[in-house]
Amino acid sequence: MKKLASFFKAFSEEIRLRIFAMLAAAPEACVCALSKVLKTTQSKTSRHLAYMKKNGLVSSRRLGTWIYYRIERKTEEIKPALLKTIKFCLMKKRQVKKDLKKLAALSLKNGKAPDRLRQAKPYN
């Protein structure tokens, strides 16, 4: 029961909801891109991502000095259904739509495929 309570606490802040929405729509994102979209410092964004990682929502990989985060796909039985419902609710929010546009623009600016966010297989 404590794990489930921690899982829900991970969604108790707006910034973590926005991070989750961006990662649910993109294959992965680096801390710097998420920070720019959220208009927060990289250290603040990293702290939120660490909390989410501790609670099994995201995983990360290091590539040189960059750390890329993505939605953790290896979860307990109940989590996939909950994550799908949370994502469904978030994708309708105006702020999330703005965030996704900004993240797509950053991806284009950084030389990544412009359609990466549109063609990404989101968390199902």
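Values quoted throughout were computed directly from the atomic coordinates according to the rules given, and no laboratory measurement underlies them. Because the structure is predicted, anything quoted here is derived from the model rather than measured. Ideal geometry is used to build each Cβ from the backbone, glycine not excepted, and the neighbour counts take in all protein chains shown.
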Check: Across region 15-33, what is the number of residues that are part of a loop (DSSP other than H, G, I, E, B) and not small (Gly, Ala, Ser)?
Finding: 2
Next item on the list: Would you mind telling me which numbered condition in (1) assigned to a strand (DSSP E or B); (2) in contact (Cβ under 8 Å) with a residue 40 or more places away in the chain LYS36 fails?
Entry: (1)
Notebook entry, point to check: So which of ARG47, ARG73, ARG61 ends up being in a strand (DSSP E or B), surrounded by fewer than 19 Cβ atoms within 10 Å (Cβ to Cβ) and over 12 Å from the mean Cα position of the chain (by Cα)?
Noted result: ARG61
